[in-house]
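Input: a single structure, listed below in structure tokens.
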Amino acid sequence: MAISTQLKFAKIDDLCLDPLNPRLGRNKTGRDVSQEQVLEMMRDWTLDELVVSFLESGEFWMHEALLVVSETLYGKQCLVVVEGNRRIAALIYLRKALSGEKVPRKIANVAKGAKPPKALFDHIPYLKADSREDIEGFLGFRHVTGIKEWRPAEKAEFISKLIDKRKLDYKEVARKIGSHTDTVGQHYISYRLLLQAEDLRSVPEEQFEERFSVMYLSLRTKGVQKYLQIDIQADPKTAEKPVPRDRIKQLANFALWLFGDGGDRRPLFSDSRQVDNFGRILESSKAVEYLERTESPSFDVALRISGGDEPEIVELIEKASDNVQMALTRAHRYRKSRRLRAAVERLGEDTRQLLVLSRTGVTVAC
């Protein structure tokens with residue numbers, strides 16, 4: 001079983017887009033998904049850039065040969081494109097545009113007046129593999145750890161399939177795709193957590209896909225691991241259901257805070273840079289109690305309750321101190337300035353209050 005090294009050529013009508021392509025989205029793939037549906041889902045994949053390249057070069061570059069497998073699809077044997085679907089979709093849309101059919105506006109504008117060589121659609125290079133499994137390693141290097149990366153959810157789904165269907169462990173997957181064992185494990189656990197949360201049917205599926213990367217990052221924090229009782233080092237068998245049964249209620253809360261409900265209830269935070277603070281919140285029992293009992297909790301309030309905003313406050317004061325030191329090097333030039341005197345007096349009052357607060361814990365009114 002291997003990928004052939006003999007370059008072959010096919011007409012565009014002899015090739016099929018892959019209805020199992022991970023980039024289409026987990027809930028949108030399947031062997032019964034038609035070619036028209038696949039093409040429609042790919043219309044926003046910046047295909048116009050590829051159309052421009054094809055028109056300028058006049059040919060399909062040999063070093064970008066497709067990787068295909070022969071499979072039964074729609075009741076007949078097809079050459080299914082496993083790697084190179086964007087290129088084929090671009091060609092299909094280009095041919096439609098040249099035939100006067102309705103296509104995405106950007107592609108229509110690019111194709112207007114163009115006369116590409118006939119060989120562009122009839123002389124497409126490909127390498128044939130015996131099975132999809134033979135292409136997995138290449139896909140992993142190219143799209144999981146390589147220069148043309150998939151989105152986090154797509155990477156995680158690909159890794160999960162290698163583990164669940166091929167029965168590979170973390171180390172074997174890491175070797176196959178050129179990644180680290182810990183990274184593979186975190187992707188797998190994140191994906192299994194996604195499926196476990198979806199089973200609760202309390203959050204719209206599209207929210208999971210869009211916010212997957214935030215969930216992935218949150219699993220690195222001790223707060224999330226503690227709240228959900230997740231073992232981030234668990235082996236695949238244990239990680240199949242990462243959240244224990246007695247923490248399902250917490251999982252429902254976690255999903256709601258992270259993704260919202262698709263209606264009036266918005267996510268607790270939208271900036272992925274707040275993931276670490278979210279973890280700090282979940283480490284605080286008082287902050288967690290606030291989140292769980294409040295119908296529309298505030299992230300900032302929860303952070304203050306947890307004491308998680310301390311690093312930010314310290315950073316603000318350190319920056320102020322740095323600015324004061326810079327001002328001291330030139331302030332003597334403006335010693336008679338009223339504006340400077342007023343600013344210094346204000347600084348002095350604020351600094352005095354901070355000093356008293358830090359020593360006694362009591363705030364002094366100015």
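The values are calculated or read from the model by the stated rules, or taken from the named source; none is laboratory data. Keep in mind it's a predicted model, so treat the numbers as computed, not measured. Note: ideal-geometry Cβ built from the backbone for every residue, glycine included; neighbour counts use all protein chains shown.
Of everything in region 99-129, what is surrounded by 17 or more Cβ atoms within 10 Å (Cβ to Cβ) and in a helix (DSSP H, G or I)? Give them in sequence order.
Matches in region 99-129: LYS106, ILE107, ALA108, VAL110, ALA111, LEU120, PHE121.
Sort out which residues of region 163-172 are of a type outside the set (Lys, Arg), under 15 Å from ALA234 (Cβ atoms) and assigned to a helix (DSSP H, G or I), and write them in order of number. Write out each step before concluding.
Looking only at region 163-172, we keep the residues that are of a type outside the set (Lys, Arg), and these are 163-164, 168-170, 172.
Narrowing the set further to residues that are under 15 Å from ALA234 (Cβ atoms) leaves 163-164, 169-170.
Scanning region 163-172 gives ILE163, ASP164, TYR170.
Kindly evaluate LYS76 against the criterion of being surrounded by fewer than 19 Cβ atoms within 10 Å (Cβ to Cβ), at pLDDT 90 or above and under 27 Å from GLN6 (Cβ atoms).
Working: surrounded by fewer than 19 Cβ atoms within 10 Å (Cβ to Cβ): yes; at pLDDT 90 or above: yes; under 27 Å from GLN6 (Cβ atoms): yes.
Yes; evaluated as a whole, the condition is true for this residue.
Looking at (1) over 16 Å from LEU194 (Cβ atoms); (2) more than 17 Å from the chain's Cα centre (by Cα); (3) in a helix (DSSP H, G or I), which is the only condition VAL224 fails?
Of everything listed in (1) over 16 Å from LEU194 (Cβ atoms); (2) more than 17 Å from the chain's Cα centre (by Cα); (3) in a helix (DSSP H, G or I), VAL224 misses just condition (1).
Taking region 250-307 as the region of interest, how many residues are under 27 Å from the mean Cα position of the chain (by Cα), closer than 24 Å to SER213 by Cβ and of a type in the set (Ser, Thr, Tyr)?
3
Which of (1) touching a Leu at 6+ places or on another chain (Cβ under 9 Å); (2) in a helix (DSSP H, G or I) does PRO242 not meet, given it meets every other one?
Answer for PRO242: the failing condition is (2).
Considering every residue within region 115-129, establish whether at least one is in contact with a Ser or Thr (Cβ under 9 Å, 6 or more places away or on another chain), at pLDDT 90 or above and under 26 Å from LEU79 (Cα atoms).
Yes: one or more hits.
For the condition out of contact with any helix residue (DSSP H, G or I) (no Cβ under 7 Å at 6 or more places or on another chain), crowded, with 19+ Cβ neighbours inside 10 Å and in contact (Cβ under 8 Å) with a residue 12 or more places away in the chain, what is the one hit in VAL69, VAL82? Let's see the steps before the verdict.
Values: VAL82 fails: out of contact with any helix residue (DSSP H, G or I) (no Cβ under 7 Å at 6 or more places or on another chain).
Only one candidate passes the filter, namely VAL69.
Please list, ordered by residue number, the helices (runs of 4 or more DSSP H) wholly in region 252-366 having 3 or more residues that are out of contact with any Pro (no Cβ under 8 Å at 6 or more places or on another chain), polar (S, T, N, Q) and surrounded by fewer than 12 Cβ atoms within 10 Å (Cβ to Cβ). It would help to see each step written out before you state the result.
On the way: elements: 275-283, 285-293, 299-306, 310-328, 338-360.
Helices (runs of 4 or more DSSP H) meeting the threshold: 310-328.
Looking at GLU149, GLU71, which one is modelled with pLDDT under 80 and not in a helix (DSSP H, G or I)? Can you show your working first?
Working: GLU71 fails: modelled with pLDDT under 80.
Being modelled with pLDDT under 80 and not in a helix (DSSP H, G or I) holds for just one of GLU149, GLU71, which is GLU149.
As an exercise: evaluate GLN37 against (1) under 26 Å from TYR191 (Cα atoms); (2) surrounded by 19 or more Cβ atoms within 10 Å (Cβ to Cβ); (3) modelled with pLDDT of 90 or more and give the number of the one condition it does not meet.
Tallying (1) under 26 Å from TYR191 (Cα atoms); (2) surrounded by 19 or more Cβ atoms within 10 Å (Cβ to Cβ); (3) modelled with pLDDT of 90 or more, GLN37 fails exactly one: (2).
Restricting to region 260-299, name every residue that is hydrophobic (A, V, I, L, M, F, W, C) and touching a residue at least 60 places away in the same chain (Cβ under 8 Å). Reasoning before the result, please.
Start the filter on region 260-299 by keeping residues that are hydrophobic (A, V, I, L, M, F, W, C), which leaves 268-269, 275, 278, 281-282, 287-288, 291, 299.
Listed by number, the residues that qualify are VAL275, PHE278, LEU282, VAL288.
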